[in-house]
Every structure is written in structure tokens, then in C-alpha cells.
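Bear in mind these aren't lab numbers, they're just calculated from the coordinates by the rules spelled out. None of these values were measured; they are calculated from a predicted model.
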Amino acid sequence: MKFEIDHSSKLPLHYQVEELLRQLIEHPDYQNGKFLPPEVELANMLGVSRNTIRQATNKLEYEGIIVRKKGYGTKVAENSLTTQLNSWHSFTQEMNEKGISFKNFLIKAEWVEAPEKVTSFFNVSENSNVLRITRLRGDANGPFVYFESYLHPRIGVSENEDFTQPLYELLETKYKTPVSISREKIKARIASKITADRLHIKKGEPVLIRERFVSDPGNRPVEYNIGFYVAEKFTYSIEIRR
């Protein structure tokens, strides 16, 4: 490819740099996590300032196309997945719709004493037992998301179910409990040792935490779900119209 800027063009320099970088990261050499040239090197190659390079890379980072690692540099995001907040499904349904294959590293269902946040959402007593479904999922490169789902005891789901199938499909078809409302909270945190060990990352690396409060059409609580995602693997997007 022709890697140079047209300084006589009316197009802003940062826009030209952004387009060049988009072409560059499609090259096989830069796929699957190869580091891009440093900002200083790119600035010298293109005859622009480092601020111009940074404007372009900030845009690509915001889109989840590249990731920065302090002390290491900038690289192409590995197998980044984008999910939209204006349409929600179970993880299995979402991956199937995108044609993305995944692997179950762990699926476990057990009755546990409900944590405080769950008792508050479910409006049950403090000592209530609820079904917790734990799932660790990923691809051939390793796990990238850890889920804990708590189901309201009213539904009557058995711990012996096949939880490799889409959860919301199971709830609707077998337990006659359709879900229609999801209230979500999303935040970024650094990985604790427990989370890092689960996701096969280093303690202190960024993770995306999503809490999901799911209700039926009558606004009755059905599921509390918390997911821990490897940050560089996922991008959340939302479309807002006026």
C-alpha cells in the first residue's frame, strides 16, 4: 500500500492518517495483536505531528479496533466483538446470530444463599436459596467472559437442566417465563486475582463488568446476571435517535 499523506489535499491530516491506519491494520502482519509502529515513527514517516497521529489513533481506540498497553505500545484488537445495547439476547443467541463459535470452559449450576444484591432485586428474604449458574466461555485462544446468573426461585428451574442451550429460550419454552425487560449497568475495573485467574489474564488488566437485571412482561424479576469480560475483546455500542 502507498503509505503517505497528501499535504495538498483539503482533507484534514488526522482524517487521512486514520484512513491509512485502517488500511494498515488490515494487513496480515498486523492482525491478531501485532504492535503498530510507535507514534514518533508514524509521525516521522508521514511528516505530521504526534498530536495528529494521536487524534487518529484515539478514534480507532474508541471504536475498539486498536488497544493501547502502557509500556508496550498500540496493537490491533484481537477478535474484538461488538454488541449493541438496543437489542439484547442471551450470550448463546448473540454469538449464534453473529456466526461466532465459542467454547464452554465451565458450566455449573447449584443452589446458593442469595447475595444481598440478589435478595434486594428479587424481593426475597436474606436467607433465601436461589439457583446460580456459573459459566466460563471463550474461544480456541482461551476464555474471554465469566458469567454468574441467579434465577428467581419462583420460576422453578432445576439445577439438572442443560445450560449449554440459550437460557432465555429455555425459560420461555419450558418454564413459560418470557423475558422482556433488561436494565443494565456497565463499568470498567481492573481484574482482581480471582477474575484474572478465571479469564487467564494478568491481575490488574482491564475488565468490562456488566450487570443485567432481567424481568418478565409484568416487570417481575427473573434473573440477575453479572458478567466479567476481557476488555480488549468486547465493544459495547448503542444507537440513540431523536
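So what is the relative contact order of region 126-242, in percent, for Cα pairs below 8 Å that sit 6 or more residues apart? Let's see the in-between values first.
Numbers: 199 pairs, mean separation 29.8, N = 117.
RCO, region 126-242: 25 percent.
Stretch residue 104-residue 127 to full length: gain in nm at 0.36 nm per residue minus the Cα-Cα span? List each step's numbers first, then the result.
On the way: separation 23, 0.36 × 23 = 8.28 nm, distance 3.08 nm.
Stretched fully, the residue 104-residue 127 segment lengthens by 5.2 nm.
Out of residues 5 or more away from residue 128 or on other chains, whose amide H comes under 5 Å of its own, with H placed 1.01 Å from N in the peptide plane?
114
Can you work out the Karplus-derived ³J(HN,Hα) for every residue in region 147-163? Use 6.51 cos²θ - 1.76 cosθ + 1.60 with θ = phi - 60°, whole Hz, and x for glycine or proline.
10, 10, 10, 10, 10, 4, x, 4, 6, x, 5, 8, 6, 8, 5, 8, 8
Residue 177's amide H: which non-local residues (gap 5+, or another chain) put their own amide H closer than 5 Å, with H modeled 1.01 Å from N in plane and none for Pro or chain starts?
Excluding prolines and chain starts, which carry no amide H, the hits are 172.
Separation of region 1-29 and region 153-213 by C-alpha centroid, Å?
Using only Cα atoms, the two centres lie 40 Å from each other.
Give me the extension gain from residue 194 to residue 161: residue separation times 0.36 nm, minus the current Cα-Cα distance, reported in nm with one decimal.
Going from the current span to full extension adds 9.2 nm.
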